[in-house]
1. Within the range 329-356, how many residues are assigned to a loop (DSSP other than H, G, I, E, B), over 30 Å from Leu555 (Cβ atoms), open to solvent by 30 Å² or more (accessible area, probe 1.4 Å) and touching a residue at least 40 places away in the same chain (Cβ under 8 Å)?
2. For the range 554-563, indicate whether the set of residues that are more than 16 Å from the ligand (Cβ to nearest atom) and not small (Gly, Ala, Ser) is non-empty.
3. If you go through the range 220-237 one residue at a time, do you hit one that is within 24 Å of Asn61 (Cβ to Cβ) and buried (at least 21 other Cβ atoms within 10 Å of the Cβ)?
4. When you scan the range 642-656, do you find a residue that is open to solvent by 30 Å² or more (accessible area, probe 1.4 Å) and over 30 Å from Trp235 (Cα atoms), even just one?
5. Testing Phe512 on (1) surrounded by fewer than 18 Cβ atoms within 10 Å (Cβ to Cβ); (2) more than 16 Å from the ligand (Cβ to nearest atom), one condition comes back false. Which one is that?
6. Kindly evaluate Trp470 against the criterion of being more than 14 Å from the ligand (Cβ to nearest atom), part of a strand (DSSP E or B) and touching a helix residue (DSSP H, G or I) at 6+ places or on another chain (Cβ under 9 Å).
Amino acid sequence: MVVENKQKNTSEIITKNILKVIFVFFKKDYFKIILLIFISSQALAQKVVHYDLYIKDTLVNFTGKIKRAIAVNGQIPMPTLTFTEGDTAEIYVHNQLNESTSLHWHGLMLPNQYDGVPNLTQMPIKPHTTHLYRFPIIQSGTHWYHSHSGLQEQIGMYGSFIMLKKNSDPTFRKGIDDIPSVPIILSEWTNLKPENVHRMLHNASDWFAIKKGTTQSYAEAIRAGHFKTKIKNEWKRMLAMDVSDVYYEKFLINGKNESIAPTFKSGDKIRLRISNGGASTYFWLTYAGGKMTVVANDGNDVEPVEVDRLIIGVSETYDVIVAIPAENIAYEFLATSEDRIKSTSLYLGSGIKQLTNPLPKLKYFEGMKMMNGMMKMNGNLDDMGMRMSLNQMDMNVVMYQEITGEAKRKDKKMKEMKMTEDDYKSNTLSDLVTLNYAMLKSPTKTSLPANVPIKEFRFELTGNMNRYVWSLDNRVISETEKILIKKGENVRIILYNGSMMRHPMHLHGHDFRLLNGEGENAPLKNVVDIMPMETDTLEFNANAEGDWFFHCHILYHMMSGMGRVFSYENQAPNPEIPNPKLAYKRLKADDRIFHFMVENDLATNGNDGMAMLQNTRLSIGTEWRLGYNNMMGFETETHVGRYIGKMQWFMPFVGFDWRYRKFGIDEQETNLFGQSNSKDNRNLFSAGFNYTLPMLVIFQAEVFHNGDVRLQFMREDIPISKRLRAGFMLNTDKEFMVDLRYIVNRNIGIRSHYDSDMGFGLGLNLNY
Ligand SMILES: [Cu+2]
């Protein structure tokens, strides 16, 4: 890709005004003046580092298909921006898109108005306008920047943001801060439009699982000897389990799936400055040339620690030092997606490629079994008395073949070696050092100011995989107001993850201390990854006025409303937000959007289908049927409902039924309750509710305004095999239906069904 990085460094002399003051003050002693001017020009000389960023639509081809993306200065990722602590950043953003945009400087401590969150810290940068971000660089370390508008981050708007230490910095570390470094930004690519990815996630489409080979159908369960596991899983109302939501065609290091940095030679030590710019992917990091030494996390120094591998959460950064042990070998640095479906490599050095071991596939049914054990019938996770925190106990270990052995041979091997499950684990685990947060220690003291008030917050990370609702304390951003904090106080946040997925929670504008047992040397971070059932505590001193976003950094979780805003009491108004009320209203609109889905069956016996609009709590759905054979006529049922409770199993609704149809025989029917039935000519309002029962069966009770009652049981999408789905419906109007559907691709299926009214039909199932 073309690089058009306009970078211009200018020196700014101390202002004449400062000089004048100094001059007047020290008039009497000219020698002192000269000395002082010299010293202050050294101390105050600010370098203004200027960048121009041109944001523009582009076409890319990562997979053989040409797709739309967004490039900045003609490149993906966005250019690496480099500064030295003490500089002033002056970044002109030229929005050449036909949509608004914004840039957030991730992990930076800066004046709130430059934080880059549209409708919170600034208004969106309108199409074909230029916006200036100008702020002092008051920290050092590996950070990154990305769009905070909509889903733009997914299609190219991410880049490295490096702030170097001054040589005179007392924390400057020889062998760490003065060795060659390589900025690395990890990302992913999907051929689908990110809006479509978001929509599909909300509609519980299992297309991504089909693409990944992780459907966990009944056939696959039986083959793996896990039929009972699968039944128990559905009994507890869970869908197939996965460690990540989205299928990606490619993973990328600095915009390439595979690349080489050939200049390094035997004996070299290299500092990799790694940022995870992926929208939803955690990456395992491994290296073919030996151990990796972790020296910084989220831009903050840590005491060096040697590991074999580490996982980098979405939006985290790690600095690791690797070595080139021998001549004429290119060593692979491998980043593997957490679901281990695909990976991306960078080779360091030149010569024969030395590969690192690929990570074996996950044992999903082992994971499912573990989840079954953790899940209570009411949808809450059972903490089983364990106090888990800091990623120390990775529950997913049960799925790692490299640690717990191959799926089928494990039991046999355990028997042969007369080992218990625990022996087996500790034996195999012992030789791999995996980083966790308890191993991070700040080289400097990070204690907060003493004798100031402490404000404590607790949040439960809540979620609902089936409807893809993600929240804090079961509330999304639009259902909450800003949380007020006071300047000067210490803020402590305790987070418990009661959901089934891990979440990288990110705080804007501040580094926080992660309480990890290191006392005064607790590490400073701005992202904390929290695994299911973990509790973690973080704290920071409220020292930077403004409105600061605190949110899950999985893009699709954030856009679903998983976050809060911390706002300083009695703060000065933000000049970038002329109308704060209107702006906040717009921010809230993000998680209120409705997701659309439609399905239609073109069958030999008729045409039936449904369309649905859903958001966090509301569902507007309509179904229709048009018969050709046994039943002539048309019927529609429309329901408007609201999901209640954390798990959203209960949905009361009001509805309207309209039918006109004619049967050849059997005209006077009654329902199971003996009520004369309006099956054939119905024009009725109704009220009722849906409730999701164990085995994901939906029970529906509906009362029509003429007093008729209908009870119904329904289950859709029973995963028979990888691409085969079954379903049934049964109600007290003596109607029933069974169906089988084969999924051909994302939008097309072949469906056969038997319907008590319409008879047997075979046809094409189209869905969007
Ligand atoms: Cu999340």
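The values are calculated or read from the model by the stated rules, or taken from the named source; none is laboratory data. Note that the structure is predicted; figures quoted are calculated from it, not measured. In this analysis, Cβ positions are derived from the backbone assuming ideal geometry, glycine residues included, and neighbour counts consider all displayed protein chains. Just the protein is used for accessible areas: all its heavy atoms, side chains included, with ligands, DNA and RNA removed. Shrake-Rupley method; radii C 1.70, N 1.55, O 1.52, S 1.80 Å.
1. Adding up the residues that qualify gives 2.
2. There is no residue in the range 554-563 that is more than 16 Å from the ligand (Cβ to nearest atom) and not small (Gly, Ala, Ser).
3. So far as the range 220-237 goes, no, none of its residues is within 24 Å of Asn61 (Cβ to Cβ) and buried (at least 21 other Cβ atoms within 10 Å of the Cβ).
4. Of the residues in the range 642-656, the ones open to solvent by 30 Å² or more (accessible area, probe 1.4 Å) are 642-647, 649-650, 652, 654, 656.
Narrowing further to those that are over 30 Å from Trp235 (Cα atoms): 656.
Checked against the condition, which is being open to solvent by 30 Å² or more (accessible area, probe 1.4 Å) and over 30 Å from Trp235 (Cα atoms), the range 642-656 yields at least one hit.
5. Among (1) surrounded by fewer than 18 Cβ atoms within 10 Å (Cβ to Cβ); (2) more than 16 Å from the ligand (Cβ to nearest atom), the lone unmet condition for Phe512 is (1).
6. Values: more than 14 Å from the ligand (Cβ to nearest atom): no; part of a strand (DSSP E or B): yes; touching a helix residue (DSSP H, G or I) at 6+ places or on another chain (Cβ under 9 Å): yes.
Answer is no for this residue.
Residue by residue, here is whether (1) in contact with a strand residue (DSSP E or B) (Cβ under 7 Å, 6 or more places away or on another chain); (2) closer than 30 Å to Met368 by Cα holds:
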{"residue": "Thr462", "(1), (2)": "yes, yes"}
{"residue": "Asn466", "(1), (2)": "no, yes"}
{"residue": "Trp470", "(1), (2)": "yes, yes"}
{"residue": "Lys487", "(1), (2)": "yes, no"}
{"residue": "Ser499", "(1), (2)": "yes, yes"}
{"residue": "Met505", "(1), (2)": "yes, yes"}
{"residue": "Gly546", "(1), (2)": "yes, no"}
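Quick grid of which residues meet (1) in a strand (DSSP E or B); (2) acidic (Asp, Glu); (3) touching a helix residue (DSSP H, G or I) at 6+ places or on another chain (Cβ under 8 Å); (4) open to solvent by 80 Å² or more (accessible area, probe 1.4 Å):
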residue: Leu730; (1), (2), (3), (4): yes, no, no, yes
residue: Lys734; (1), (2), (3), (4): no, no, no, yes
residue: Arg741; (1), (2), (3), (4): yes, no, no, no
residue: Arg746; (1), (2), (3), (4): no, no, yes, no
residue: Gly749; (1), (2), (3), (4): yes, no, no, no
residue: Ser752; (1), (2), (3), (4): yes, no, no, no
residue: Leu764; (1), (2), (3), (4): yes, no, no, no
